[in-house]
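The block underneath contains the structure these notes are about, expressed in structure tokens.
The values are calculated or read from the model by the stated rules, or taken from the named source; none is laboratory data. Note that the coordinates shown come from a computational prediction; the quantities given were computed from them, not determined experimentally. Cβ placement follows ideal geometry from the backbone for every residue including glycine, while neighbour counts extend to all protein chains displayed. In case anyone asks, the SASA skips ligands and DNA or RNA and just uses the protein heavy atoms, side chains included. Shrake-Rupley method; radii C 1.70, N 1.55, O 1.52, S 1.80 Å.
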Amino acid sequence: MKISYLYLFLFVIVSCKKTEKQLVKITAKNIAIDSTIKASEQIDSIISPYKNKLTSEMEEVLCFSPKEIVKNDGEMQSSLGNLMADMCFEVANPIFKEKTNKSIDFVLFNNGGIRANIPAGAITAEHAFKLMPFENELVVVALTSKKVSELIAFFIKNKKAHPVSKNIVLTLFTDDYNLKINGKAFNQNKTYNVLTNDYLRSGGDKMNFFKNANQSINLDYKMRDAILDYFKKTDTLKASIDNRIILK
């Protein structure tokens, strides 16, 4: 072998030797997703089964509403707020009883937590997700009578239709109020079990009376799941303005 061929052979061997690659730089850029980007058939084929399953679940009819149920048809209460509080009470109270052998006394949520009205007609799982898109969980907070008084003072001052369950009858006068809970006069020596959610328990929406409570029990149950479960076991939704908040 000529010496020139030998050098060429060694050059080829060295050039073909594998070298370990190392990451030396990462860059990123924003890519707008719009109609100018051509859909990938490969990606579509991967997503399609999950998309179809999700669409089918969201479109499942769970119950029926004879009318549109809205959150702004009253001054200090609303038909939708009443329904929200009452249905959460109905499905959460048995869970609380099983955990503690006690009952929930009443329910309070915030008006801003209601994110959509319930339309007339067939009600699907999608409506539950629109009504409650957040991942908030139900909690029961033990409030002393002093804390309940703060709650009522907040409710009166705030002048919003916060969802309150039918366990409450609050009569508002010009400079005073009368409160009954489960048909009994408000007891200044009692601690009340109030159903709300984890966001409000931490003082969300300025509901500071829920903070630093003596006891708080997480039901490990999302508000949206409570709504879905209520829809599933109910044929026809019923909601109205009633006497739980009376303005004199």
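Could you provide, to the nearest whole Å², the per residue accessible area of the chain with probe 1.4 Å?
Values: 15780 Å² over 248 residues.
Accessible area per residue, the chain: 64 Å².
Which distance in nm do the two modelled labels at Asn158 and Glu41 give, with both placed 7 Å along the Cα-to-Cβ direction?
If labels sit at Asn158 and Glu41, their model points lie 5.6 nm apart.
Ignoring ligands, DNA and RNA, how do Val61, Val70, Val148 rank by accessible area with a 1.4 Å probe, largest first? If you can, show how the numbers build up before the last one.
Details: Val61 90, Val70 25, Val148 0 Å².
Sorted descending by solvent-accessible area, the residues read Val61, Val70, Val148.
What size of dipole, in debye to the nearest 20, comes out for region 127-196 about its Cα centre when the only charges are +1 on Lys and Arg C-beta atoms and -1 on Asp and Glu C-beta atoms? Could the numbers behind the result be given before it?
Details: 10 positive and 5 negative charges, 28 e Å.
Roughly 140 debye for region 127-196.
Using only C-alpha atoms and all pairs of different ones, pull out the Kirkwood radius for region 32-188 in Å with one decimal.
Numbers: mean 1/r = 0.0534 Å⁻¹.
With all distinct Cα pairs of region 32-188 included, I get 18.7 Å.
So, in Å, what gap is there between the alpha-carbon centers of region 22-81 and region 93-122?
25
List, in the order given, every pair from Lys99/Lys160; Lys206/Lys238; Lys71/Lys211; Lys147/Lys184; Lys102/Lys146; Lys67/Lys184 whose Cα-Cα distance in the structure shown is over 23 Å. If you can, show how the numbers build up before the last one.
Working: Lys99/Lys160 32 Å; Lys206/Lys238 30 Å; Lys71/Lys211 26 Å; Lys147/Lys184 18 Å; Lys102/Lys146 21 Å; Lys67/Lys184 33 Å.
Pairs exceeding 23 Å: Lys99/Lys160; Lys206/Lys238; Lys71/Lys211; Lys67/Lys184.
Net charge near Tyr177, counting Lys/Arg +1 and Asp/Glu -1 over other residues with Cβ under 12 Å of its Cβ?
+1
With only Lys, Arg, Asp and Glu charged, each at its Cβ (+1 for the first two, -1 for the last two), find how big the charge dipole of the chain is about the Cα centre; round to the nearest 20 debye. Write down the numbers at each step before the final one.
Working: 35 positive and 27 negative charges, 181 e Å.
The dipole of the chain has a size of about 860 debye.
What part of the accessible area of the chain, given as a whole %, is carbon or sulfur when the probe is 1.4 angstrom? Mind showing how you got there, number by number?
Numbers: 8300 of 15780 Å².
Result for the chain: 53 percent of the exposed heavy-atom area is carbon or sulfur.
What is the magnitude of the charge dipole of region 198-248 about its Cα centre, with +1 placed on the Cβ of each Lys and Arg, -1 on the Cβ of each Asp and Glu, and no other charges, expressed in debye to the nearest 20?
On the way: 10 positive and 7 negative charges, 40 e Å.
Once rounded to the nearest 20, the dipole reads 200 debye.
What nm value, rounded to one decimal, do you get for the distance between Phe134 and Lys102 when each label is placed 7 Å out toward the C-beta?
2.4
Subtracting the Cα-Cα distance from 0.36 nm times the residue separation, let me have the gained length for Ile33 to Lys21 in nm, one decimal.
On the way: separation 12, 0.36 × 12 = 4.32 nm, distance 3.22 nm.
Roughly 1.1 nm would be gained on extension.
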